[in-house]
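Novice: Below you will find the structure I want to go over with you.
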Amino acid sequence: MKNNGTIELEGMEFRAFHGCLEHERREGNLFTVDFRTDLDISRAAESDRLEDTLDYGAVYGIIAAEMAQPSDLLEHVAGRIAKAISGAFPWIDDFSIRVSKRNPPVSGPAAWSRVTLRHSAGCQGMMSGISGLHPGRKETPKDNMEASTAKGKRQQ
């Protein structure tokens, strides 16, 4: 008999130094990460053995190691986490990673900015569609963020 289940780690908190702006890299911020996967938990349901399921302590360790490496973009952080988890646990077909930044630097009130990456084993090159420039635009997302932040400061 197959017993499908969900394994989640929610609300993992990290002080990290991700962001495009200098003060984000210098001062850091609070980030939370959520992990979720659906898989067959039949063996673990019967055996009560850690070896028969996903060791979420190991998943936490992978996420903590990736959060310790600064990146400009949350998308990059989520992509590195997904790559590391799929490398360590190739038998997990599908999972999601959500990375959230507290009080993002935007021109108005915002409690969180979030990126959710849904990884599927069938996805070849999960980041291949992302490039520095968006089609039809000459400026990069970083240019837009800096302009938005400067505009917000002028309006204050």
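Each value in this text was obtained by applying a stated rule to the coordinates, not by laboratory testing. These numbers were taken from a predicted model, which means no experiment stands behind them. We place every Cβ from the backbone using ideal geometry, glycine too, and count neighbours over all the protein chains shown.
Novice: Out of segment 46-111, which chymotrypsin sites (Phe, Trp or Tyr not before Pro) are coil in DSSP terms and have no more than 10 other C-beta atoms within 10 Å?
Specialist: On the way: sites: TYR56, TYR60, TRP91, PHE95; in loops: TRP91.
Counting only loop positions with at most 10 other Cβ atoms within 10 Å, the chymotrypsin sites (Phe, Trp or Tyr not before Pro) in segment 46-111 are TRP91.
Novice: For SER120 and ALA64, what does the FRET efficiency come to when R0 = 22 Å and r is the distance between their Cβ atoms, rounded to the nearest 0.05?
Specialist: Numbers: r = 24 Å, r/R0 = 1.09.
It comes to 0.35.
Novice: Separate question: Return a whole-number percent for the relative contact order of segment 1-92, with Cα pairs under 8 Å and 6 or more residues apart as the contact set.
Specialist: Details: 113 pairs, mean separation 28.9, N = 92.
Reported as a whole number, the value is 31 percent.
Novice: Separate question: Among 21-32, 1-12, how do they line up by average Cβ neighbours within 10 Å per residue, starting with the highest? Let's see the in-between values first.
Specialist: Details: 21-32: 13.9, 1-12: 11.4.
The densest-packed peptide leads the list: 21-32, 1-12.
Novice: Label VAL106 and ASP72 with points 7 Å out from Cα along Cα→Cβ: what is the distance between them in nm?
Specialist: In this crude spin-label approximation the distance works out to 2.0 nm.
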